[in-house]
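For reference, the structure discussed in these notes is given below.
The values are calculated or read from the model by the stated rules, or taken from the named source; none is laboratory data. This is a predicted model, so every value here is computed, not measured. Note that each Cβ is placed from the backbone with ideal geometry, even for glycine, and that neighbours are counted across all protein chains shown. Protein only, heavy atoms only, side chains kept; ligands, DNA and RNA dropped before computing areas. Shrake-Rupley method; radii C 1.70, N 1.55, O 1.52, S 1.80 Å.
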Amino acid sequence: MAGGKKNHATADGRDRLSNLPDCLIHAILSRLDYRQAVQTCVLARRWPRLWCGAITCINIDSANFSTHEGGHRVSPGAKEEALARLEDFADNLLLRRGLEPPLDALLLRVHGAGLRGDINVGRWVRRGLKMSPAALDVSGGDGQPINLDFLSSSVSVSGGGAGRLTRLRLDNVLLHYDFEDLLGSGGLPVLQDLQIINAVIVSGIWRIASDTLTSLAVVDASCRRHSRCSVDIVAPHLTSLRLDFPQGRLSSVQFNIIVDGRASLVDASVRLLEDDGDDPDDNISDLCFLLKSLSKADAVAGGAGSRGMLMDLCVIFS
């Protein structure tokens with residue numbers, strides 16, 4: 001009898017899921033990852049509009065659409081199919097989600113980007129910034145670096161969407177002058193945490209300037225065509241600084257911490273990774289230059305009326 005009732009309930013076409021209150025559906029969807037949440041569109045008529053408000057973290061990773069299996073070579077046709085599925089999914093997700101509520105985080109990882117990947121990531125960043133994310137993470141994965149020459153223009157057309165961005169992580173990317181301008185012009189007015197990892201600095205002279213930045217990590221940065229870069233760090237509210245790179249890069253990327261009476265640096269870490277054939281003595285003058293600029297920050301931070309003092313400086317050779 002119970003089975004008969006169940007069959008009758010299914011056969012009569014009633015949508016019992018749609019009778020659930022919005023708050024309960026949101027609670028269910030919020031416990032799913034973004035791909036699962038989107039797939040619930042087929043469950044009930046009301047759910048397509050409800051998943052939009054439940055997703056506050058979007059993670060688009062090309063690895064989830066890869067056809068690579070068991071170490072076998074993937075055919076060009078299979079790669080094209082995987083890329084097309086990634087593009088269709090990401091475009092539809094970012095177009096249909098809407099602008100509210102604001103995102104907690106937007107994460108984009110596109111492995112082996114190339115020109116097509118650069119265009120895709122640029123489009124997704126522009127759309128994602130309009131959702132006012134608090135965190136943005138862009139990574140080229142283990143493939144070609146993503147060319148971020150679009151970043152400044154993406155922020156300018158986002159209609160103030162970068163106004164909530166407090167954390168920015170850039171991994172395996174190409175950075176241009178427009179990124180320097182973006183920081184210096186106040187385009188990221190509440191940015192606090194900046195991580196630049198495995199990045200190639202395209203311009204020869206570079207500057208990281210922000211009145212709001214409190215934490216900065218630069219890991220394995222290099223300059224295009226092995227030119228020498230001078231990177232000035234101007235961040236009066238910076239409390240934490242991490243610099244990690246191979247010893248051979250120390251002579252090509254020179255960091256200079258510029259301080260003023262508002263300096264508040266408390267924790268600094270410099271880690272030099274040994275390269276094959278590198279002699280630490282070859283880079284001693286560049287290391288001394290870096291430590292000298294850090295000592296200036298310490299002297300200013302310890303002055304009268306300051307809010308902080310460099311309490312922990314760690315230099316590691318590994």
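The table below lists the values:
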quantity	calculated
Computed label-point distance, nm, for sites Arg123 and Leu99 using a 7 Å Cα→Cβ extension	2.1 nm
Per-pair calculated FRET efficiency, R0 = 35 Å: Leu24 and Arg271 via Cβ, rounded to 0.05	0.10
Accessible area (Å², per residue) of region 103-231, counting only protein heavy atoms and a probe of 1.4 Å	37 Å²
Convex hull projection area averaged over all views, region 137-181, Cα basis, nm²	3.2 nm²
Integer Hz, Karplus 6.51/-1.76/1.60 couplings in order for region 116-122, x for Gly and Pro	5, x, 4, 5, 4, 4, x
About the Cα centre, charge dipole magnitude for region 112-233 (Lys/Arg +1, Asp/Glu -1 at Cβ), debye	320 debye
Ser269 long-range amide H proximity, modeled H, under 5 Å	Leu241, Arg242, Leu243, Cys314
Arg242 paired with Phe89, simple spin-label distance in nm, labels 7 Å along Cα-to-beta-carbon	2.9 nm
